[in-house]
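What follows draws every value from the coordinates through simple rules; no lab data is involved. Note that this is a predicted model, so its numbers are computed, not measured. We place every Cβ from the backbone using ideal geometry, glycine too, and count neighbours over all the protein chains shown.
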Amino acid sequence: MTLRAGVMGFPISHSLSPRLHGYWIRKYDLDASYDAFEVKPETLMETIEGLKRDCAAKGDVFRGCNLTIPLKETIVDQVDVLESAAAEIGAVNTVVVGADDRLFGRNTDGIGFTDNLAAEIDLNRFKGGTALILGAGGAARAILYALAQMGFSKILLSNRTRARAEDLAKSLKKVPIEVADWDMRDALVSTADLIVNTTSLGMRGQPPLQISLKALKAGAAVTDIVYTPLETDLLKDARSGGHIAIDGLGMLLHQAKAGFEAWFGVKPEVDDALRAFVLQGLNGD
Ligand code: ATR
């Protein structure tokens, strides 16, 4: 009996998740598989139900899947149980098929973000602190939720399109967000204990992120969700100023742990060997 899972999205060919989960399946020597499925929003539910049936017919079990763009919001109203983080964030990145056949919708992006930071720094330093978040797109939602859970008392949200930041702040009522103009970002740097880039700026092929870290407090940390390149100019700048800089690949690795454990029954480890293996995939090896 093979336990099956996978990642669904459109497009899906660039997803690193099969490489990541495949590594763990081999490492823990499991009778399991994890595949990529190209799925459009209108066929998501029938694809999941079809996989459940097809697997059962072969004596296998379809245990669930990760969802990526554009499916994370599609399924929110369609799962049987929407777990609290997913409800708060308004998006599901992990679906688990329960023993009773019900679909559970989770969001592990926030915990992935938090665990990635926790691997490098003591998060207690952020209790009551201020975070500066750049960008208000899809990736920002889970990160804002995670920051509130970490105990930041003020989250400054700066986005090129201010209205988008305002909508996000309104929809995340439990998160203490103050919206700031995009042009104010340099002026806000001095107040931040943590800066997070959630925009696509600085990614290979995209314009650079322009921000001056000159006024950043000693002991403040900087993290970027961009991981191509792994060491973005933002992180280079932070490191050269003596600050803690945390790259975005770890968020991808850490968000995957909870799904893997729920589907396959093994709590997997994020270590340097996994990181190196996923990085090889990123570099096209
Ligand atoms: P996703 O949902 O995957 O996060 P997105 O919704 O397109 O992607 O969000 C990308 C983020 O990068 C947004 O915050 C976007 O700002 P806008 O809301 O103003 O579009 C930001 N972004 C992209 N290109 C930018 C640029 N040239 N300057 C400033 N911000 C930019």
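For this structure, a couple of remarks:
- Long-range HN-HN contacts of residue 159 with modeled amide H, under 5 Å: 135, 180, 182
- With the biggest extent put first, the Cα atoms of segment 147-285 measure 44, 35, 30 Å across the principal axes.
- The tail of the calculated P(r) for segment 202-262 beyond 16 Å holds 50 percent of all Cα-Cα pairs.
- In the elastic network of the chain, a GNM with C-alpha springs shorter than 10 Å, the most mobile of 255, 210, 149 is 210.
- The charge dipole of the chain, taken about its Cα centre with unit charges on the Cβ of Lys, Arg, Asp and Glu (plus for the first two, minus for the last two), comes to roughly 460 debye.
- The phi torsions of segment 92-105, fed into the Karplus equation with coefficients 6.51, -1.76 and 1.60 and a -60° offset, translate into couplings of 10, 10, 9, 10, 10, 8, x, 4, 8, 6, 6, 9, 9, x Hz, rounded to whole numbers, with Gly and Pro shown as x.
- Vicinal HN-Hα couplings computed from phi for segment 205-216 (Karplus, 6.51 cos²θ - 1.76 cosθ + 1.60; Hz; Gly/Pro x): x, 10, x, x, 8, 9, 7, 9, 9, 3, 8, 5
- Over segment 116-224 - Rg/Rh using Cα atoms and the Kirkwood inverse-distance radius: 0.93
- Mean separation of Cα pairs under 8 Å and 6 or more residues apart, divided by the residue count, gives segment 140-285 a relative contact order of 14 percent.
- Rounded to the nearest whole Hz, the Karplus-based 3J(HN,Hα) values (6.51 cos²θ - 1.76 cosθ + 1.60, θ = phi - 60°) of segment 135-140 follow the sequence x, 9, x, x, 5, 5, with x at glycine and proline.
- Computed over segment 6-146, the alpha-carbon pair-distance distribution with 5 angstrom bins reads 2, 9, 16, 20, 20, 15, 9, 6, 3, 1, 0, each value a whole percent.
- The tail of the calculated P(r) for segment 245-285, taken as Cα-Cα distances beyond 11 Å, holds 67 percent of the pairs.
- Per residue, the Cα convex hull of the chain amounts to 129 Å³.
- Dipole axis of segment 221-285 (+1 Lys, Arg; -1 Asp, Glu on Cβ), positive-most option in 226, 284, 258: 258
- Just so you know, the Cα atoms of segment 1-85 work out to an Rg and Dmax of 13.2, 36 Å.
- Separation of the alpha carbons by more than 27 angstrom is noted, of 27/58; 27/236; 127/173; 72/170; 170/214; 127/217, for 27/236; 170/214.
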